Amino acid sequence: MKKTTQKTGDTQSAVYKKRLAAVIIPVMLTASVLMVITGVYMYNTYRDMYVEQLFSSAQDLCKYAADRVLAYNAYPWLIEHWPDDFSDVTDEDYDKIETMNPTMITGSQLDSLPANEQKAFSYVCYDRIASGFDMMYDNFICTELHLVKFDEDGKAICLIDGKGDDPDHVYFPDSTGDFDYIDKVDHTDGSVNSSTGAMQVLTTVDGVDYAVNYLPVRDGDKVLCYVVWSKDWTDIQDDVQTASIKLSAVTLVLYLAVEFVLILLIQRYEQGRRNSAAALEKQQMEMDIASRIQLSQMPNHFDEFEGRKDFSVFGHIRPANEVGGDFYDCFLLDRDHFALCIADVSDKGVAAALFMMYAKSVLRDSLIFAKSPAKALAAANDRLARHNDENMFVTAWLCVVQLSTGRYTAANAGHENPVVIHSDGQIEFLRYAHNLALALTFGCEYTEHTGVLNEGDTLFVYTDGVTDAMNSSNVRFTEKGLQKALESIAPADVQRLTEGVLSAVDSYAGDTPQYDDITMLSFRYNGSADMTMAASDENLPMMTAFLLSKAENAGADEKTLSNIRLCSEEIFGNIVDYAYTEGGDVTVSTAAEKDTFTVTFIDSGIPFDPTLQSTGGIEKPFESRDTGGLGIYLTEQLADKTEYNRTNDQNVLTLSFKLIPVPKNEDSPSQNR
């Protein structure tokens, strides 16, 4: 009996093994073939994407490097008179040129300067441009980066020396536009001919391949010099090969994992689907890890902005599934400009999550380079459309806020209407025509919209997961529901506001499952105590509005506001007309303490103490009075205190005004007329 049972068990085991082998062997062979095909496809795809992105980035870098030169009004003169020796430039000449603002100096002005100051100007510009080239080289993958011109004999002169492993040679175009080999002294004619486009792969005389990109710097139709970028083609191929090996390794691991899972599933199926709960738990754990990785890419820690008094920001994202297609971003472009971004990928799940992470990186990079929301959206659109085999699209809203003034510039690519929550709790939806969503087609243009945030105003942006949330009756939350939620919460800090809207959406939806990702971003503008601008008549309205807003918030009455307006316009006008010969900046700051409101004007113009000329010759006949003196006399009469100091080579003029409390239970005189 035991022998019969054992024989039967052996037979069943053999049958099981045959059935298992009949399934596993074809699966493994198929997976292996697919792995090889996918590996080749991924290598070719990654190579093309990498080279295309590298060349595109190189062109952007050359444009940025050329802008470093074009930033100077006198760049044609500078390139023509570029000296080869700065040893005799003195610190006094250097400092003098620095104070003259080199970017504003013109070629005609330079021709009238002494030779030593001309040379100092060249040295100051060289120092700035060279440091910019060094910074770009250090932060961008390239072998060499040059600024080159040709003399009358066709010989090459490196204005900014190349940097890299082999700085003694580089390819760049000769005076005819063809690419020739250059050794920094002269060049070999006709070694390489150019093809269409500014980027190509070339072979040097010693057999080294380079990828080269150049950009001419022009004065009208005349080419003055070239910005030249190059990278060893072998290094590029090594980068692609290394990345491909990694991708192949990942692919191999994935396919081995798939094969393992398939084998495991077959075994479990043959054995009655044992341990299915453990497999589901593992799958859920992997999706949870993917979700945490995705959410970690969002700026969910705002500690870096805690010390800021001029603004506060808070964002929240909750995917409908483990991973989603929504994202937001916020960061400082510079010390005075803050960037906000929110976007929504059209699909859901893993594919949307991967496309989302790529789109987020592209939008941030585009805005850092372009500074303008509309230009950033246009650049990002072309890049996303180029690599969009899944035919997805992205709605996006970009905004840049000037922290000193509260002025903002925004562009909308098919996204939801943003909301401004005013300091008094009033809710305003910003409605305007939207542009096309990103990644649908090439060459789209985007419109910018501007506005001003007053102190205490909050920008609130969101994705359609908020307004499209459904309740048990399949009725949407809508913009009206959002407005009611905001009205019940505002005014509040940004975190409480965001969490309050989320709570309102959850309360509305009840037990209805969340269908779409929910993302929100809140930015509150707290105002700035000072403003720096160019000393120009066109900035007078902005300066006046800034001061009157600050004074009104400090409690100034109508008469005091009028006095502040008259005095500030007079002082600002004097700075515009007399402080600078070639233009400059003026800083206006305010302070409110107890019953006094002060306004301070700071400029770096010629020394001028208006308090010494306060009468303006008012006792003289009208035609004999000093220019501007009457206005200064009026300023001293309207301000309660006028104080002047010359500090750090700057004129510092402070006007003080006494604040008269406005009666709360009586109408103002203007209302009684």
- Item | Accessible surface of the range 343-428, 1.4 Å probe, proportion on carbon and sulfur as whole % | 47
- Item | Separation of the Arg646 and Thr99 label points, Cα + 7 Å toward Cβ, nm | 1.0
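Scan the range 356-457 for chymotrypsin sites (Phe, Trp or Tyr not before Pro) in coil per DSSP, keeping those whose Cβ has at most 16 other Cβ atoms within 10 Å, and list them by number.
Details: sites: Tyr358, Phe369, Phe393, Trp397, Tyr408, Phe429, Tyr432, Phe442, Tyr446; in loops: Phe393, Tyr432, Phe442, Tyr446.
Passing sites in the range 356-457 are Tyr432, Phe442.
Compute the Cα gyration tensor for the range 520-602, then decide on rounded, prolate or oblate, letting a ≥ b ≥ c be the square roots of its eigenvalues: rounded whenever a/c is under 1.5, prolate when a/b is larger than b/c in the other cases, and oblate in all that remain.
Details: a/c = 2.18, a/b = 1.26, b/c = 1.73.
Since a/c reaches 1.5 but b/c is at least a/b, the shape of the range 520-602 is classed as oblate.
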- Quick calc, Asp334 & Gln426: beta-carbon distance into FRET formula, R0 45 Å, rounding 0.05, result 0.90
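Let me know the shape class of the range 436-538, please: from the alpha-carbon gyration tensor, a ≥ b ≥ c as square roots of the eigenvalues, rounded when a/c is under 1.5, otherwise prolate if a/b is greater than b/c, or oblate. Can you show the working numbers first?
Values: a/c = 3.37, a/b = 1.50, b/c = 2.24.
Since a/c reaches 1.5 but b/c is at least a/b, the shape of the range 436-538 is classed as oblate.
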- Note on the structure: Val475 and Phe369 label points (each 7 Å along its Cα→Cβ direction) are spaced in nm at 4.9
- Task: Quick one: go through the range 457-501 and flag any residue whose amide nitrogen is under 18 Å from the point 7 Å out along the Cα-to-Cβ line of Gln514.
- Result: 461-472, 476-478, 482, 495-501
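Provide the per residue accessible area, probe 1.4 Å, for the range 47-123, rounded to a whole number of square angstrom. Before the final figure, lay out the partial values.
Details: 4050 Å² over 77 residues.
Result: 53 Å² of accessible area for each residue.
With a probe of 1.4 Å, find how much accessible area the range 293-437 has per residue, and write the answer as a whole number in Å².
Numbers: 5950 Å² over 145 residues.
Normalised by residue count, the accessible surface of the range 293-437 is 41 Å².
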- Task: Evaluate the distance, in nm, between pseudo-label points positioned 7 Å from the Cα of Ile157 and of Val253 along their respective Cα→Cβ axes.
- Result: 5.5
- Surface share of carbon and sulfur [accessible, 1.4 angstrom probe, percent] for the range 526-611: 49
- Query: Which value, in Å², gives the accessible area per residue of the range 441-492 when a 1.4 Å probe is used on the protein heavy atoms?
  - Reply: 49
- Fully extended, how many nm does the chain gain between Asp134 and Glu487 (0.36 nm per residue separation, minus their Cα-Cα distance)? 121.9 nm
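The values are calculated or read from the model by the stated rules, or taken from the named source; none is laboratory data. It should be emphasised that the depicted structure is a prediction, and the values quoted were computed from it without experimental measurement. Here the Cβ is made from the backbone with ideal geometry for all residues, glycine too, and neighbour counts use every protein chain on show. Just the protein is used for accessible areas: all its heavy atoms, side chains included, with ligands, DNA and RNA removed. Shrake-Rupley method; radii C 1.70, N 1.55, O 1.52, S 1.80 Å.
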